[in-house]
Amino acid sequence: RQRIYYTIFNRFRITPAGFQASGSTPLDATHDTLLNVMLLNILLVCAVVAIHNEVLIRLSSLLGRMRQSHHFRLIVAVLGCLTAHALQVWIFATAFYFMHHADGWGQLLGNFNGSMLDCTYFSFTTFTTLGYGDIEAVGMLRHLTGIEALTGLVLITWSASFLFLEMQRYWPTR
């Protein structure tokens, strides 16, 4: 994994300031840096939102075809949502891992050893907006941290709405 990472991020000199030939400097490095961070954030958010949408569509279809008790269907719905959220957290964690180990993207500091597991822990606390504070993002990673918290809040709320609607199907009318 590290060999692929170094090939992508270092050999081709992908940094927050963009593709650079050795010895050249961008005219406006701050503008380029923010643009690249913004594009990466947009890509990650679009990926996790698309995954979430697809999971909820498939869950809705599956629950409609299931003939088991409504309690079992709700358990399947909750587990499906939790699985989707876990996958989304791992996507953000992978981005944190590669950005932390690449030059120029920032670092994760504190109770952190640079492992993928620590990136996943940080991503879970950020996605759920729990934010213990034992790991801190510095540099351009701060932007991804804020976007992940906002995205996690929206996606968790979307899941809660979906589960409420599924539960409402089985509640007796008043």
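Note on segment 71-160: with neighbouring protein chains present and a 1.4 Å probe, carbon and sulfur make up 69 percent of its accessible heavy-atom surface.
Scattering from segment 50-149 was approximated by placing one identical point on each alpha carbon and applying the Debye formula without solvent; log10 I(q)/I(0) at 0.14, 0.24 1/Å stands at -0.59, -1.16.
The values are calculated or read from the model by the stated rules, or taken from the named source; none is laboratory data. All of these numbers come straight from a predicted model, not from anything done at the bench. Just the protein is used for accessible areas: all its heavy atoms, side chains included, with ligands, DNA and RNA removed. Shrake-Rupley method; radii C 1.70, N 1.55, O 1.52, S 1.80 Å.
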